[in-house]
Amino acid sequence: MDIKNKIEASIKNVINDELGTNIHPDKINTIVEKITENLSLSINPDELVLLNLKLKEKSPSEMAVVSVIGQDSVGIVADVTRILAENNANIEAMNQAIVSGYFALIITINIAKMNITIDELQTRMGEIADKKNLKIYIQHENIFKNMNRI
Amino acid sequence: MNFDVSEILETIKMSALENLDVRTVTAGINLFDCTTGSINSTAKKIREKILNKASQIVPAAEKVAKKYGVKIVNKRVSLTPLSLVLAGDCGVEELIKAAQIIDEAGKEIGIDFIGGYSALVHKGITPFESVFIDSIPHVLASTERLCSSVNVATTKSGINMDAVLKMGHAVKKAAELTAERQAIGCAKLVIFANIPEDNPFMAGALHGPGEGDCTINVGVSGPGVVHRAVKSLPHNADLGIVADTVKKTAFKITRMGELIGREVAKELGMTFGILDLSLAPTPAIGDSVADILEAMGLEVCGTHGTTAALALLNDAVKKGGAFASSFVGGLSGAFIPVSEDSTMEQRAADGHLTFDKLEAMTAVCSVGMDMIAIPGSTSAETIAAIIADEISIGVINSKTTAVRLLPVPGKNVGDEITLGGLLGRARIIPVHTKSAEIFVKRGGRIPAPIQSLKN
């Protein structure tokens, strides 16, 4: 199968998966042909090879949630994020609020490439927590998934 | 996947403020491959198998606990009933020595308890099992971690009253042998009807003969979480809403427990067995089943309405748990161990929660007459009659019931005993003093009830 056929087949699969019988097969063929035509005009073969490599490289993701709760003070976010950066934990989402008078900072981090364990990260965060009179919890995302999603 | 801040904060609140925890991770270990024909070498093989299979249970549980920020309070091992594995021509002394070797293995791997010094005598007692039961009080007095359970009845076979009377004497003896330690031996001895084969909770945990080689069973708790949820309801919320609230909370607790159990099992290379969703109270303030009943609207736990409130709670817990996991097993319900539940203990001490009310409550909950301190002068025959009453509730209702009583030597009604740790403290409460001696000494078997004829 040449590259054009491969691309067409994979686009058809995606459309079928997403829309199923909601779309007429002829319509799918028209859309697929137009996409491949556009692609052939905008991407050269070398770029296609690179694209393929990039897809394979796509980083694995494993999330954990860092929750910081306690009295507000200057520099909490700076201290916490500095430790995350030092240990290669990428921040994927961040949410800060004042809940019932308490400061609450919730950071979702990608721990797949983190260079220390959750346990060690907890110890590092514990130092900030002690210094700034906070509670810092680090929990793997699965606990929230399991408790809140069916 | 994104989570609401409220979802994250709720989970943190449950574990940080409301005592949500995994009460126990229990590794069930099959011992049938340890029999040798000689009791001493069998005990040594059992020790080796425990060390071989479960040596990593403590670090594995700690690792998973840290990953999810949830406490795992106890790490335990349950064994194939030792009366089946140690069976042979031997006496009490040899059994005590074997028990000590097995107990030592528990100490070496740093676990809290080992369950399985157990016998299944619901239909009959072999000569060896008779010696084995005689050894139980001595074993409990001379070991630290070993727990004992004896199944004296099933719905299928009826009640073995010879075994019931024998256990009445065993409870008395266990109390006498540990008299200087507030009869702590009795806290490690449970008499069952319809004993589950996969219960992770002590003192009744064992690894049933039908179980596989090594299995992780998990007991989750969380009376505090359920209490907080029920307490937050307005007084005019109807009981359907109360049940629904309990159910939703039980769902979340169960999901958390199964996640932890599966991870620990994976770490240890064992299969995941079941999740036992039981509201198991602890003496910690706010971790009480009685508090939940009172939050539903009872002035005190023990007053009229208590049985109905407990029935609602128990059923809602099961429904929430069954929806959350396909592998709910063990005892799964609300426990009412008096000394271990600070509010329940207080109500019993104040006379609001009586012995007879506790018996009625066990008809609608899990598990039985649990951790109740009674006068040291109570006779073995009276204890046997109490066992017979409680066991018959289980047999007739096709459910597990159990008895764990402490007839504390030298103590009378109103005296206080302190057992420490999760076992808590208790005030001695009265039992009926009129005799049932002739009844319990008749012996024989109370036939299986008509509901056993299901085939």
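The values are calculated or read from the model by the stated rules, or taken from the named source; none is laboratory data. This structure is a prediction, so every number in the text was calculated from the model and none was measured. Cβ coordinates were reconstructed from backbone atoms using ideal geometry, including for glycine residues, and neighbour counts include every protein chain displayed.
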(request) Inspect the stretch A:66-77 for any residue being among the acidic types (D, E), surrounded by fewer than 18 Cβ atoms within 10 Å (Cβ to Cβ) and either more than 10 Å from every other protein chain (Cβ to nearest Cβ) or touching a helix residue (DSSP H, G or I) at 6+ places or on another chain (Cβ under 9 Å) (or both) and give the result as yes or no. (result) yes
(request) Considering every residue within the stretch B:287-301, establish whether at least one is within 14 Å of another protein chain (Cβ to nearest Cβ) and of a type in the set (G, A, S). (result) no
(message) Of all residues being within 14 Å of chain A (Cβ to nearest Cβ) and surrounded by 21 or more Cβ atoms within 10 Å (Cβ to Cβ) in the stretch B:70-94, which is nearest to A:Y137 (Cα to Cα)? Just the residue, please.
(response) B:V70
(request) Check A:E92 against each of (1) closer than 18 Å to A:K135 by Cβ; (2) surrounded by fewer than 19 Cβ atoms within 10 Å (Cβ to Cβ); (3) modelled with pLDDT of 90 or more and name the one condition it does not meet. (result) (1)
(request) For residues that are small (G, A, S) and either more than 10 Å from chain A (Cβ to nearest Cβ) or touching a His at 6+ places or on another chain (Cβ under 8 Å) (or both), tally how many sit in the stretch B:1-28. (result) 2
(message) Can you report the number of residues in the stretch B:1-48 which are buried (at least 20 other Cβ atoms within 10 Å of the Cβ), over 22 Å from the mean Cα position of the chain (by Cα) and either of a type in the set (S, T, Y) or farther than 30 Å from B:I292 by Cβ (or both)?
(response) 7
(message) Take the conditions within 25 Å of the chain's Cα centre (by Cα) and surrounded by 14 or more Cβ atoms within 10 Å (Cβ to Cβ) and apply them to A:N115. Does it pass?
(response) no
(request) Kindly indicate which of B:I216, B:I136, B:I159 is touching a helix residue (DSSP H, G or I) at 6+ places or on another chain (Cβ under 8 Å) and farther than 30 Å from B:A322 by Cβ. (result) B:I136
(request) Exactly one condition in (1) modelled with pLDDT of 95 or more; (2) farther than 30 Å from B:K13 by Cβ is not met by B:A87; state its number. (result) (1)
(message) It is to be established whether one or more residues within the stretch A:111-125 are among the basic types (K, R), in contact (Cβ under 8 Å) with a residue 24 or more places away in the chain and more than 7 Å from every other protein chain (Cβ to nearest Cβ).
(response) yes
(message) Within the stretch A:49-64, does at least one residue satisfy the condition of being hydroxyl-bearing (S, T, Y), out of contact with any Lys or Arg (no Cβ under 8 Å at 6 or more places or on another chain), modelled with pLDDT of 75 or more and surrounded by 12 or more Cβ atoms within 10 Å (Cβ to Cβ)?
(response) yes
(request) Please find, within the stretch B:383-399, the residue that is farthest from B:I438 (Cα to Cα) out of those that are surrounded by 24 or more Cβ atoms within 10 Å (Cβ to Cβ) and not small (G, A, S). (result) B:V395
(request) Select the helices (runs of 4 or more DSSP H) contained entirely in the stretch B:331-424, then report the ones holding at least 3 residues which are farther than 27 Å from B:V121 by Cα. (result) B:342-349
(request) Would you check which residues across the stretch B:19-42 are of a type in the set (V, I, T) and touching a residue at least 60 places away in the same chain (Cβ under 8 Å) and list them? (result) B:V22, B:T24, B:V25, B:T26, B:I29
(message) Please verify whether A:T81 is modelled with pLDDT of 90 or more and away from chain B (no Cβ under 12 Å), treating the condition exactly as stated.
(response) yes
(message) Any residue that is hydrophobic (A, V, I, L, M, F, W, C), farther than 18 Å from B:A105 by Cβ and touching a helix residue (DSSP H, G or I) at 6+ places or on another chain (Cβ under 9 Å) - is there at least one of those in the stretch B:20-33?
(response) yes
(message) For the condition surrounded by fewer than 14 Cβ atoms within 10 Å (Cβ to Cβ) and either within 14 Å of chain B (Cβ to nearest Cβ) or under 22 Å from the mean Cα position of the chain (by Cα) (or both), what is the one hit in A:I98, A:I107?
(response) A:I98
(request) Hey, could you check the stretch A:130-150 for residues that are more than 7 Å from chain B (Cβ to nearest Cβ) and without any contact (Cβ under 8 Å) to a residue 60 or more places away in the chain and say which is surrounded by the fewest Cβ atoms within 10 Å (Cβ to Cβ)? (result) A:I150
(message) Could you tell me how many of the residues in the stretch B:52-103 are part of a helix (DSSP H, G or I) and over 30 Å from A:I116 (Cα atoms)?
(response) 16
(message) Against the condition over 24 Å from B:V264 (Cβ atoms), among the small types (G, A, S) and out of contact with any helix residue (DSSP H, G or I) (no Cβ under 8 Å at 6 or more places or on another chain), how does B:A179 come out, does it pass?
(response) yes
